[in-house]
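See structure below.
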Amino acid sequence: MYQMEGTRSFKFVLKSIVFLTIFGFASGNNLRYHEYIINPLGNLQKKLEAQRAIQPFLNSKPFLEWTNQLSKQSLLKRANQVDLRKFNDTSPVTDSNPISTFLQNILGQLNNNTTRNNTSSSGIGDAFQNLVNGFLGSFSAGGDQAKASNGSQNGSPASSFGNFLQNITQNTNGIGNLITSMLGASGGKGGTTSGMNLGNILQLLSGGNVDPSTIGNILMSFLNGAVQGTNASTACQGDFIKVIKGLQNMEAWALKFLDASAKIPTDLLNLNLNWYGSYDECYSDSTFLESFGILHNTQTPVKGQYCNTNLNLPLPPEVKGILTVAFQNSGFIKAGICFPKSCSTDDLLQIVNAFLYNIPLGDNKVTAWPITCPVPAEEDTLETDTIVVVIILAIFLVIILEGTLYDVVITIRSERNKENEKPTENGEVAENGKPIENGNSFPENSYKLRAENGNVQHIEPEKKHLQKPGIFGRLVLCFSAYTNGKKILGTSQPKGSLTAVNGIRFLSMSWVILGHTLAFVLGSTSNMLQYYNKFVNRAASEAIVNALFSVDTFFVLSGLLTSYLLLKQMKKTKGRINWGLYYFHRYWRLTPVYMIVIGMYVTIYPHLIFGPNKGKPDEICRESWWKNLLYIDNFFGYKDLCLGWSWYLNNDMQFYILSPLLIVPFFFNQIVGIIVSVCFLLAATITPGVLSYVKNLPAHTIGGGPKDADRAAYFEDYYIVPYCRMGPYICGVITGYILYKTKCKCRMNIFVNLLGWAVATAMACGCLYGLHNTLRPDNPVYLSKEVTALYNGVSRTAWGAAVCWVIFACSTGNGGFINTLLSWKAFVPLSRLTYCAYLVHPLVMYVYYFNWNFPLYMTDLDFVYIFLGNLMVSYGIAFIVSIAFESPFMGLEKIMFGGLGKKKK
């Protein structure tokens with residue numbers, strides 16, 4: 001009966017462990033940007049699907065046979081060494097001391113094994129015999145005598161349990177070697193277990209009839225032996241044993257090691273698998289209980305370090321196969337543990353695996369790999385390249401301060417000169433600097449008007465007041481935070497600007513940040529699957545889940561503005577364009593600030609994160625940054641992406657390089673331009689559809705489409721390559737030509753106007769909400785390969801066409817209140833910051849999320865607050881980056897090529 005109940009309990013626990021292992025989610029430090037896209041929203045969709053796929057297996061015959069095989073080699077087999085009936089109050093107890101029988105059984109097995117093996121350790125039996133006889137004395141009534149089953153010696157005060165424990169704590173080497181020999185294993189590398197092992201200890205503890213403190217001390221001796229049986233360094237072994245002693249003595253510093261390490265948390269039924277432990281407590285010098293005098297230290301504490309470890313459970317081949325298909329890995333549980341500081345990761349791997357090896361699962365063993373120990377803040381050091389970048393940034397700061405100071409000084413002087421030089425009609429200048437007309441001041445506009453009519457005698461100011469700064473002064477002024485800030489925050493725009501573009505640009509950038517906020521934060525929450533399942537099942541959530549279309553909006557804007565402005569320029573110059581400057585302007589506009597952000601990401605960013613999620617520096621950017629410099633990073637696969645979100649910049653630059661092929665034909669021959677654009681558009685629509693069908697791609701990064709779709713290939717073969725993303729750009733080029741041709745003037749019948757808005761709205765809603773039934777986690781509707789290919793081929797072009805209608809209608813006076821909203825002047829400075837906001841917003845999220853020491857329980861209110869915080873901070877940092885780097889380099893370009901336009905004129 002006991003064995004049947006134990007078997008059922010064991011299977012239940014094992015089934016729970018399998019679930020927990022399958023759905024274990026790694027902390028953010030192991031994830032890069034593309035993994036959030038490839039394994040969408042933290043792998044949540046695939047985890048839910050894998051859960052449904054694995055459920056039939058857990059009730060299948062192979063799984064039950066596997067659990068039975070485990071149970072035969074586990075705690076239940078070791079329990080046979082102890083007569084469980086002696087622990088049952090309803091059974092007659094023939095021995096008043098059941099632990100005596102247990103230890104004598106151990107001794108009997110040990111003597112049998114040593115005799116059978118004929119090893120040099122045959123004397124261990126006698127040594128352990130004496131220890132057992134002394135140990136048994138502690139269990140006799142009054143501590144006088146205890147009779148062992150094979151003839152124990154009389155008890156005495158010297159053989160009391162207290163003296164026995166003292167011998168353990170004072171002779172750790174001897175007892176450790178003894179127990180290591182009893183285990184029959186060396187550092188968890190192999191061997192057979194005999195005598196006392198972890199199974200015996202746990203079985204006695206679960207029996208409830210033995211003092212837990214007794215079993216605890218036996219367990220500590222077992223741990224001592226396991227530590228000494230490894231090849232870990234002497235210092236590491238010594239500190240581990242010292243921690244074990246401290247736990248036995250209830251030392252505050254030792255209890256901190258245990259308390260700071262991860263434990264099985266609550267909410268497991270909802271798959272709460274972020275077992276962080278306590279990073280701060282592991283590194284703290286004292287705890288509040290010590291401050292209150294509740295816990296004390298009598299020994300010198302061992303310094304701790306916080307480490308992350310992956311616990312890999314021995315899953316059956318069937319489960320591993322499902323995990324390989326679903327996650328491309330075999331599953332693991334991640335936990336944070338506080339270890340002695342003197343131990344290296346290699347030492348910890350040996351010791352932790354030595355402990356795990358002795359978990360009684362027969363031939364199936366639990367392993368820990370890898371173990372990583374984040375560098376704490378007090379030990380963080382700056383590398384040489386980091387120091388170089390800091391020096392460069394400091395130089396920029398000095399130049400900005402000088403430029404700002406110089407700008408303020410000459411601006412104040414200029415204002416004073418203007419005030420002092422304002423003449424009257426009689427050629428007089430008032431003392432206060434204001435012109436006088438019949439004793440009264442008159443407005444400056446009135447003076448300008450009179451001057452234009454020749455009624456005012458103009459006085460030439462002194463030349464020294466009109467002297468412009470030299471070349472050095474103009475270079476310094478490019479870095480003026482005062483002037484650059486005024487330009488960015490100004491709301492004035494040139495005549496003929498497409499004002500609705502500003503609102504579209506800012507709202508699209510906000511949409512990007514909204515989607516990334518959801519995708520990035522779920523990996524650091526305790527209820528990720530629960531919240532994700534609830535969130536995605538709402539129809540309204542599709543507007544956030546499909547935030548991927550926001551990038552296509554930017555492609556539309558890029559193509560439209562490039563076409564519209566280039567055609568206007570070609571009209572002024574009669575078709576003559578300096579193509580070298582055309583490409584240089586674009587490259588110079590984007591690249592300097594782009595490279596500076598990459599440099600800060602590689603060097604400074606790792607030093608901004610401290611906690612359980614601190615990862616290693618991104619080595620990919622150190623090796624492949626030159627690909628970003630050439631804007632070809634997206635052709636080398638997602639694994640080699642530096643700044644994963646920069647794939648958009650690569651595509652946009654590649655489209656810009658090809659743009660003359662689309663735009664120039666429009667200028668010389670409208671028919672040829674239409675034919676060329678239609679050919680490009682057909683190619684950009686057919687190509688992704690064919691690739692989707694051939695490669696069996698899904699309809700979205702989180703799934704949809706065929707049941708067996710290749711999600712990993714979606715990002716690399718479809719999402720980041722230009723030949724699958726050019727459709728919206730071409731739509732923008734065509735719309736830019738139409739606006740140029742109509743000069744933004746087009747009268748439409750109200751019914752035609754409403755029909756255009758209705759069609760555009762239907763197309764946009766179809767793209768956003770058309771996949772709801774196939775993306776929902778519960779009972780998704782799978783699409784055929786043909787339907788999925790059609791969606792992948794047409795959806796992005798359709799979205800681009802809908803956005804083009806909005807811009808066209810607003811620019812030609814047919815936008816109504818929508819144009820009023822999108823043309824709001826507050827959007828003007830925000831739109832100027834969009835590029836820098838795109839560059840820095842993922843880093844803002846990384847720094848915030850990865851510095852969490854505990855997971856967040858996610859709610860809708862938390863999501864809203866986090867999004868608004870990400871939005872505000874991203875644009876705040878973008879403002880600083882734009883003033884410090886983007887605007888100065890744009891000013892330098894004007895100095896370098898400003899004289900070229902004057903010379904041509």
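The values are calculated or read from the model by the stated rules, or taken from the named source; none is laboratory data. Since this is a predicted model, take the numbers as computed values, not measurements. Here Cβ is always computed from backbone atoms with ideal geometry, including for glycine, and neighbour counts include all displayed protein chains. Each accessible area value is taken on the protein alone, full model and side chains, heavy atoms only, with ligands, DNA and RNA left out. Shrake-Rupley method; radii C 1.70, N 1.55, O 1.52, S 1.80 Å.
On a 1.4 Å probe surface of the protein chains, which of H841, H607 comes out largest in accessible area, and what is the full order?
Values: H841 0, H607 30 Å².
So the residues, ranked largest to smallest area, are H607, H841.
Highest mean first, how do 286-296, 596-606 rank when packing is the count of other Cβ atoms within 10 Å averaged over residues? Don't jump to the answer; show the numbers that get you there.
Values: 286-296: 12.2, 596-606: 19.5.
The densest-packed peptide leads the list: 596-606, 286-296.
Out of the total accessible area of the range 739-854 (probe 1.4 Å, heavy atoms of protein only), what percent is carbon and sulfur?
Details: 3710 of 5400 Å².
Result for the range 739-854: 69 percent of the exposed heavy-atom area is carbon or sulfur.
Please work out how much length the chain gains when fully extended from A540 to N773, using 0.36 nm per residue of separation minus the C-alpha to C-alpha distance, in nm with one decimal.
Numbers: separation 233, 0.36 × 233 = 83.88 nm, distance 1.23 nm.
Taking A540 through N773 to full extension adds about 82.7 nm, to one decimal.
Using the structure shown, list the pairs from K61/K707; K263/K334; K627/K695; K741/K825 with a Cα-Cα distance above 19 Å, or answer none.
On the way: K61/K707 26 Å; K263/K334 11 Å; K627/K695 26 Å; K741/K825 26 Å.
Those over the limit are K61/K707; K627/K695; K741/K825.
Give me the percent of accessible area attributable to carbon and sulfur for the range 221-312, probe 1.4 angstrom. It would help to have the intermediate numbers written out before the result.
Working: 2420 of 4110 Å².
Carbon plus sulfur share of accessible area: 59 percent.
So, taking all protein chains as they sit and a 1.4 Å probe, how much accessible area belongs to I513, in Å² rounded to tens?
Accessible area of I513: about 0 Å².
Could you point to the residue in W275, M250, A232 farthest towards the positive end of the range 221-294's charge dipole, with +1 and -1 charges on the Cβ of Lys/Arg and Asp/Glu respectively?
A232
If I ignore ligands, DNA and RNA and count only protein heavy atoms, how much of M748 is accessible to a 1.4 Å probe, in Å² to the nearest 10?
Solvent-accessible area, nearest 10 Å²: 50 Å².
Mind running the shape call on the range 552-597? Use the C-alpha gyration tensor, a ≥ b ≥ c as the square roots of the eigenvalues: rounded below 1.5 for a/c, prolate if a/b tops b/c, oblate otherwise. Don't skip to the answer; put the middle values down first.
Details: a/c = 4.16, a/b = 1.42, b/c = 2.94.
Since a/c reaches 1.5 but b/c is at least a/b, the shape of the range 552-597 is classed as oblate.
Quick one: Karplus J couplings for the range 723-730, per residue in order, coefficients 6.51, -1.76, 1.60, θ = phi - 60°, nearest Hz, x for Gly and Pro?
For the range 723-730, the Karplus-derived couplings read 6, 9, 10, 7, x, x, 4, 5 Hz, x marking Gly and Pro.
Which of rounded, prolate, oblate describes the range 525-638, given a ≥ b ≥ c as roots of the alpha-carbon gyration tensor eigenvalues and a/c under 1.5 marking rounded, otherwise prolate only if a/b is larger than b/c?
On the way: a/c = 3.41, a/b = 1.45, b/c = 2.35.
Oblate, since a/c reaches 1.5 and b/c is not below a/b.
Counting only heavy atoms of the protein chains, get the accessible area per residue of the range 532-597 (1.4 Å probe) and round it to a whole Å² value.
In whole numbers, the range 532-597 has 39 Å² accessible per residue.
Sort 785-792, 394-401 by packing, meaning the average of other beta carbons within 10 Å per residue, with the highest value first. Could the numbers behind the result be given before it?
Numbers: 785-792: 19.9, 394-401: 13.6.
Taking the mean over residues of other Cβ atoms within 10 Å, the ranking is 785-792, 394-401.
Rounded to the nearest 20 debye, what is the charge dipole size of the range 785-890 about its Cα centre when +1 sits on each Lys and Arg Cβ and -1 on each Asp and Glu Cβ? Walk me through the numbers before you get to the answer.
Values: 4 positive and 4 negative charges, 52 e Å.
My answer is approximately 240 debye.
Please identify which residues in the range 574-599 have an amide N closer than 16 Å to a label point set 7 Å out from the Cα of F636, following the Cα→Cβ vector.
Inside the label zone: 595, 598-599.
Contour minus end-to-end for V678 and V847, with contour as 0.36 nm per residue of separation and end-to-end as the Cα-Cα distance?
Working: separation 169, 0.36 × 169 = 60.84 nm, distance 4.47 nm.
So the chain would gain 56.4 nm between V678 and V847.
Quick one: ranking E379, E886, E619 by accessible area, 1.4 Å probe, largest first, what do you get?
On the way: E379 70, E886 10, E619 95 Å².
Output order, biggest surface exposure first: E619, E379, E886.
Quickly rank 700-711, 759-770, 247-258 as a protection proxy: mean count of other C-beta atoms within 10 Å, highest first.
Those peptides, ordered most packed to least, come out 700-711, 247-258, 759-770.
In terms of the Cα gyration tensor, with a ≥ b ≥ c the square roots of its eigenvalues, is the range 761-893 rounded because a/c is under 1.5, prolate because a/b exceeds b/c, or oblate?
Numbers: a/c = 2.03, a/b = 1.17, b/c = 1.74.
Note, shape of the range 761-893 comes out oblate.
Sort F715, F897 by accessible area with a 1.4 Å probe, largest first. List each step's numbers first, then the result.
On the way: F715 0, F897 75 Å².
Greatest to least solvent exposure: F897, F715.
Based on the Cβ-Cβ distance of T761 and D346, what FRET efficiency does E = 1/(1 + (r/R0)^6) give at R0 = 51 Å, to the nearest 0.05?
Working: r = 62 Å, r/R0 = 1.21.
Efficiency computed from Cβ-Cβ geometry: 0.25.
Positive end of the dipole of the range 741-803, charges at C-beta (+1 Lys, Arg; -1 Asp, Glu), about the Cα centre: which of C744, S795, P777 has its Cα farthest in that direction?
C744
How much length would be gained if the chain were fully extended between V409 and V864, taking 0.36 nm per residue of separation minus their Cα-Cα distance, in nm to one decimal?
The span from V409 to V864 would gain 159.4 nm if fully extended.
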